[in-house]
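Written out below as structure tokens is the structure these notes cover.
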Amino acid sequence: MVQISRYQLILMLIWTVLGTGIVTMPGTIAQFTLRDAWISGFGLLFGAVMCAVISLAHVRLFPGRTLTQAAIDVLGPVLGRAYGIWYLAYGFLTMATIGREMSAFIGISVLPNTPDFLVSALAFAVSMYLAYLGIEVVARVNEFILPLAAVVSPVLFLLAARLFDTSSFQPLLGDPASAAWRAAVVPAFAYGLEFAIALQWVPALRSPRTLPWDIVIAGAISAFVLSALVTLTVGVLGEPARYLNYPVLELVRAIRQGKFVERLDTLYVMGVAITLVLKLATFQLAVGEAVKDVSGSPERTWIPVPVALLGWSLSNYLFRNVFDVTNFILRDVPSYFLATVVLLPGALYALRAVQSVRAKSQRGLRST
């Protein structure tokens, strides 16, 4: 199997989380707090730490195995595949959310007259092809866009910083602590728990033992970028940031430099579209591995097409508009992801540990 390096893994995790994070999280955080929005962005790191703890248990108990393979090993073929079906439901629902977020964002920002289902169809088609080519290709595409982001993002930030107003954050820590905590729930328990997707990539990692540290590194970088972005957005837009679905888009639109440099939101939309397609591809890779494990198929080449088709269908069927997506993320995703990504795998690893202790005790009795 083709394997990826730690550097490629960290980049994939960063873009997986920030793909939708840079679109929706600033607006979500601003709904709860403005003065303490910069603190709430670090909730993302809390979710990454939880995923790192889970991955630490996984790589010690199941080296070289995916999460769904580990479930089948522990629970047996019947219950293990039932667990795999639950994971597939989580994966398809996440892909549907990503696809609907993307089609709504592209439709609102640049293509208002284009049907949303057509935009999402193009996104799922491209991500399907990347998933078909394999994890190495997806990792290399992530590497390719890094220099572009490293050049364009600082320029946009510096141009927007001229409009920054510190009064939006005064008095410092002026909001109740409960407001900052509520604002941090979605970054921590929704987007932060997406780092656990790497458990489905364990066989493709050159150094799976370092996975927990890689998740922490990716989480720290993502949390810093998110906090800086939220701080800049609130500082430039102020109170109106509470009422915008895409405040970062309005931030970029506000940038003007002389008579000729304007409408830089085109660059921003292009970058967001690329990262969202890459995020779809990473989830299709994980879901494809789960389909392979549950079905027992020796081949994976047939899997990307039905995975993409079902994800695209669900994205248009489950969510009518961007408000449905936002309500789902705010109300349901944190508890759903916490149960699926943290609690159920934790119970699985605890059961494995109990089985190991029983096996050792039985061997000891036999030897005596």
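The values are calculated or read from the model by the stated rules, or taken from the named source; none is laboratory data. Note that the coordinates shown come from a computational prediction; the quantities given were computed from them, not determined experimentally. Heads up, the Cβs are rebuilt from the backbone with ideal geometry, glycines too, and the neighbour counts pull from every protein chain shown. With ligands, DNA and RNA removed, areas are computed over all heavy atoms of the protein, side chains included. Shrake-Rupley method; radii C 1.70, N 1.55, O 1.52, S 1.80 Å.
Find the centroid of the Cα atoms in the stretch 116-137 and in the stretch 218-250, then give the distance between the two in whole Å.
What the calculation gives is 28 Å, centre to centre.
Residue separation times 0.36 nm, minus the C-alpha to C-alpha distance between Ile108 and Leu159: what's the value?
The Ile108-Leu159 span can extend by a further 16.0 nm.
Rounded to the nearest whole Å², what accessible area per residue is found for the chain with the 1.4 Å probe?
Details: 16300 Å² over 368 residues.
Here the residues of the chain average 44 Å² of exposed surface.
Calculate, in nm to one decimal, what Thr210 and Thr166 gain on full extension: separation in residues at 0.36 nm each, minus their alpha carbon distance. Let's see the in-between values first.
Numbers: separation 44, 0.36 × 44 = 15.84 nm, distance 4.03 nm.
Additional length available on full extension: 11.8 nm.
Relative to the longest principal axis of the chain, what angle (0 to 90°, nearest 10) does the C-alpha long axis of helix 43-61 take?
20 degrees
Points 7 angstrom from Cα along the Cβ direction at Leu122 and Ala228: gap in nanometres?
Label-label distance for Leu122 and Ala228, simple model: 3.0 nm.
With the crude spin-label approximation of a point 7 Å out along Cα→Cβ, what separation in nm comes out for Arg140 versus Leu351?
If labels sit at Arg140 and Leu351, their model points lie 4.0 nm apart.
Mind giving me the FRET efficiency for Thr301 and Arg256? R0 is 51 Å, r the Cβ-Cβ distance, nearest 0.05 is fine.
On the way: r = 50 Å, r/R0 = 0.97.
Result of the calculation: an efficiency of 0.55.
Taking GluC sites (Glu not before Pro) that fall in a DSSP loop and have at most 14 other Cβ atoms within 10 Å as cut points, what is the longest piece of the chain between them? Walk me through the numbers on the way to the answer.
Values: sites that count: Glu262, Glu299.
Within the chain, the longest run free of exposed GluC sites (Glu not before Pro) spans 1-261.
Is there a quick way to get the dipole size of the stretch 264-368? I mean about its Cα centre, with the Cβ of Lys and Arg at +1 and of Asp and Glu at -1; what is the value in debye to the nearest 20?
760 debye
Quick one: pull the percent of accessible area on the stretch 207-279 belonging to carbon and sulfur, 1.4 Å probe, ligands and nucleic acids left out. It would help to have the intermediate numbers written out before the result.
Details: 2190 of 3190 Å².
Within the stretch 207-279, the accessible surface is 69 percent carbon and sulfur.
The stretch 3-78 to the stretch 301-352: how many Å between their Cα centroids?
If we compute the Cα centre of each part, the gap is 14 Å.
Note the angle between two axes, namely the Cα long axis of helix 344-367 and the longest principal axis of the Cα atoms of the chain, as a number of degrees from 0 to 90, rounded to the nearest 10.
Taking Cα atoms only, the helix is inclined about 20 degrees.
Nearest 10 degrees is fine. How inclined is helix 322-331 to the longest principal axis of the chain, computing both from alpha carbons?
60 degrees
Leaving ligands, DNA and RNA out of it, rank Leu34, Leu45, Leu267 by accessible area with a 1.4 Å probe, largest first. Can you show the working numbers first?
On the way: Leu34 10, Leu45 55, Leu267 90 Å².
Reading off the accessible areas and sorting them downward yields Leu267, Leu45, Leu34.
Decide, for the stretch 1-99, between rounded, prolate and oblate: order the square roots of the alpha carbon gyration tensor eigenvalues as a ≥ b ≥ c, take rounded if a/c falls under 1.5, and otherwise choose prolate if a/b is larger than b/c, else oblate. Don't skip to the answer; put the middle values down first.
Details: a/c = 2.16, a/b = 1.78, b/c = 1.22.
Here the stretch 1-99 falls in the prolate category.
Can you pull the accessible area of Asp165 for me, 1.4 Å probe, Å² to the nearest 10?
Accessible surface of Asp165 is approximately 70 Å².
Long-range amide H contacts for Leu205: which residues qualify at under 5 Å (H placed 1.01 Å from N, peptide plane, sequence gap of 5 or more or a different chain)?
Hits under the 5 Å cutoff: Ile4.
Sorting Lys292, Lys279, Lys360 by accessible area (1.4 Å probe), largest first, what list results? Let's see the in-between values first.
Values: Lys292 40, Lys279 0, Lys360 140 Å².
Putting Lys292, Lys279, Lys360 in descending order of accessible area: Lys360, Lys292, Lys279.
Can you find, among Leu244, Leu172, Met95, the residue sitting farthest towards the positive end of the charge dipole of the chain, where Lys and Arg contribute +1 and Asp and Glu -1 at Cβ?
Highest projection toward the positive end goes to Met95.
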